[in-house]
Amino acid sequence: MNETHGSQKSRREFLHSSASVAAGGVLASQIGFPAVVYGSGQSQTLKVGLIGCGGRGSGAVLNALKADSNIELSAMGDLFKNNIESSLRSLQKAIPDKIKVPANQQFVGFDAYQQVINSDVDIVLLATPPGFRPLHLKSAIEGGKHAFVEITAAIDGPGVRSVLKSAELAERKGLAIVSGFCWRYNDSMRAVAEQIKAGAIGEVRALYATYYRNSLDHKYHGKRTPEMSDLEWQIRDWYNYLWLSGDVTIVLSGGHSVDKMSWWVDDMMPTAAVALGSRAIPAEGNTFDNGFVVYEYANGIRGFLGCRSQDGCYSANGDYIIGSKGICKIGRTPVIEGETNWRYQGKKNNMYQTEHDDFIASIRAGEPINDGTRMAHTSLMAILGRMAAYTGKRITWEQALNSQQKLVPDELDWNSKIDETPRAVPGITRFI
């Protein structure tokens, strides 16, 4: 949609007046206002910007555009032009009427994220490798944009602290932050949470979560060409590089599991962790392909996370919640066995769609969801497990939160040289 100067002016006036109501008297000069707030109804077109145009980003766009009748994709940003082109082709085939991204709204390079945020969008979808997430979220919230944030929210202590500040700022501004920890939007998991809260298994005594899956050695399925620099190759094939993924097995895959573990205990966070881990199958980079983490809680219970990304091994993605009166087992269908016998019999929803349905609806209603603090804590819980596995030490929650290890460089361009740290050796690698 091409807007005239007059329509742009009226839209800005509408947004400013809506935001002024929601901000509760905070001066406009002090904070950037959210683009769409306070029950705007269906009359205003919501404009979406995508940052990170790979498969997950493209999927998030489809979910967002299906969540509302008056919404469109109007800007895209990525380090690589071919990612934008590929994403655009697939999106235009799937939902052409809502894809309105002219050439001057397709941004390429290390500053593409900022150009998307600075464009006339209301919502940004953050779907780059997670190492970039804290910076992108900070810029989005400072720019007054609602944000969908793919997992994980951060990969190190400084990143988590940044996300926590962004969550606080979003709360003050009336901005929505919805997390890609998608199991919170699964109807069967919501039913499990209700059963546990109602006392169906009694007091929770232990937690065990598994994420045993096939190899995650490569994100990029093309071959490295001679002209690719080390930096370009690492960003394209980011799974195995600590500064980009934070460890795809323990932190990214395991992040989904620990988010559910936290849910079952009303988001109580562990006080410390001890862990095992290694790289069993040789691969590029400096991450592990397996880990087993024991989380300690202040009330004496323990949580156990088993994760592995190796071909030819036993696969499982499940949860076991052991209570004083019963056990909840979560596989294909959640069941409770004990004093209360229960089996989930409700509908099976698409949790990826539901998270965007809820996200957009909360913006329209003027009651923005803010998952920011929870997703920061869940990310730190996964990072805590990695830190314990990599060092072989018992690491406390406070140590992890206050860690000074900064994995992502402050400034990047195509001439940047990444000093790749050696793969961790438990008992030798120091905690920083």
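Please turn the phi angles of region 402-419 into ³J(HN,Hα) values with the Karplus equation 6.51 cos²θ - 1.76 cosθ + 1.60 (θ = phi - 60°), one per residue in order, whole Hz, x for glycine and proline.
Rounded to whole hertz, the list is 9, 4, 9, 6, 10, 7, 9, x, 5, 10, 9, 8, 6, 9, 5, 10, 8, 7.
Which order do 90, 362 take when ranked by solvent-accessible area (1.4 Å probe, heavy atoms of all protein chains), largest first?
90, 362
Over the Cα atoms of region 332-417, what radius of gyration and what Dmax do you get, in Å?
When restricted to Cα atoms, region 332-417 yields Rg and Dmax of 20.4, 63 Å.
Kindly express, to the nearest 10 degrees and within the range 0 to 90, the angle between helix 5-22's C-alpha long axis and the longest C-alpha principal axis of the chain.
Taking the Cα atoms of the chain, the angle to 5-22 is about 50 degrees.
Take the solvent-accessible surface of the protein heavy atoms, probe 1.4 Å, and return the percent of it on the chain that carbon and sulfur atoms account for.
Solvent-exposed carbon and sulfur of the chain make up 50 percent of the total.
Provide the per-residue ³J(HN,Hα) series for region 345-362, in order, calculated from phi with Karplus coefficients 6.51, -1.76, 1.60 and θ = phi - 60°, each as a whole number of Hz, with x at glycine and proline positions.
Once rounded to whole Hz, the list reads 10, x, 6, 9, 8, 8, 5, 5, 6, 4, 5, 7, 4, 5, 4, 5, 4, 5.
I'd like the trypsin sites (Lys or Arg not before Pro) in region 303-339 restricted to DSSP loop residues with at most 16 other Cβ atoms within 10 Å, sorted by number.
Counting only loop positions with at most 16 other Cβ atoms within 10 Å, the trypsin sites (Lys or Arg not before Pro) in region 303-339 are 325, 332.
In region 182-274, if every C-alpha pair distance is counted and binned at 5 Å from zero, what percent goes to each bin?
Percent of pairs per bin, in order: 2, 11, 17, 17, 14, 12, 9, 7, 5, 3, 2, 1, 0.
Kindly identify the chain as rounded, prolate or oblate by the Cα gyration tensor criterion: order the square roots of the eigenvalues as a ≥ b ≥ c, call it rounded if a/c is under 1.5, otherwise compare a/b with b/c, prolate if a/b is larger, else oblate.
It is oblate, given that a/c is not under 1.5 and a/b is not larger than b/c.
Using only the Cα atoms of region 236-343, what are the Rg and Dmax in Å?
Radius of gyration, then largest Cα-Cα span, for region 236-343: 15.9, 51 Å.
Once amide H atoms are placed 1.01 Å from N in the peptide plane, what residues at a sequence separation of 5 or more from residue 119, or on another chain, have their amide H within under 5 Å of its amide H?
Placed amide hydrogens put nothing under 5 Å from residue 119.
Stokes-Einstein D for region 66-169 at 37 °C, 0.692 mPa s, Kirkwood Rh over Cα pairs, in µm²/s?
228
Between the DSSP loop rule and a limit of at most 11 other Cβ atoms within 10 Å, which GluC sites (Glu not before Pro) in region 220-321 are left?
Those satisfying the criteria are 227.
Amide H of residue 107: which non-local residues (sequence gap of 5 or more, or other chain) have their own amide H closer than 5 Å, using H built in the peptide plane?
76, 77, 78
Which far-off residues, 5 or more places away or on another chain, put their amide H under 5 Å from the one on residue 304, with H placed in the peptide plane?
207, 208, 209, 295
In this model, which of 197/325; 98/173; 393/417; 93/223; 66/173 are farther than 21 Å apart at the alpha-carbon?
Table pairs above 21 Å Cα-Cα are 98/173; 393/417; 93/223; 66/173.
Could you tell me the largest-minus-smallest coordinate of the C-alpha atoms of region 282-349 on each of the three principal axes, in descending order and whole angstroms?
Taking max minus min along each principal axis of the Cα atoms, region 282-349 gives 49, 35, 21 Å.
Can you tell me the accessible area per residue over region 275-432, all protein chains present, probe 1.4 angstrom, in square angstrom?
51
Using only the Cα atoms of region 310-354, what semi-axes does the equivalent ellipsoid have when each is the square root of 5 times a gyration tensor eigenvalue? Give whole Å, largest first.
Three semi-axes, in Å: 23, 19, 8.
If you average the sequence gap of Cα pairs under 8 Å that are 6 or more apart and divide by the length of the chain, what percent do you get for the contact order?
20
Given a cut-off of 14 Å, what percent of all Cα-Cα pairs of region 140-191 lie beyond it?
That tail contains 59 percent of the Cα-Cα pairs.
Of the GluC sites (Glu not before Pro) in region 341-412, which ones lie in a loop per DSSP and count no more than 11 other C-beta atoms within 10 Å?
Qualifying residues, ordered by number: 411.
May I ask for the percentage of alpha-carbon pairs in region 164-231 that lie more than 18 Å from each other?
Across region 164-231, Cα pairs with separations above 18 Å total 71 percent.
In whole Hz, with x marking every Gly and Pro, tabulate ³J(HN,Hα) for region 192-206 from phi via Karplus 6.51 cos²θ - 1.76 cosθ + 1.60, θ = phi - 60°.
Karplus-based 3J(HN,Hα) across region 192-206 equals 4, 4, 5, 5, 5, 5, 7, x, 4, 10, x, 6, 5, 10, 7 Hz.
Can you pull the accessible area of residue 302 for me, 1.4 Å probe, Å² to the nearest 10?
Around 90 Å² of this residue is reachable by solvent.
The values are calculated or read from the model by the stated rules, or taken from the named source; none is laboratory data. Note that this is a predicted model, so its numbers are computed, not measured. Using ideal geometry, Cβ is built from the backbone for each residue, glycine included, and neighbour counts are taken over all protein chains shown. The protein model used for the area step is the full one, side chains on, heavy atoms only, and it has no ligands, DNA or RNA in it. Shrake-Rupley method; radii C 1.70, N 1.55, O 1.52, S 1.80 Å.
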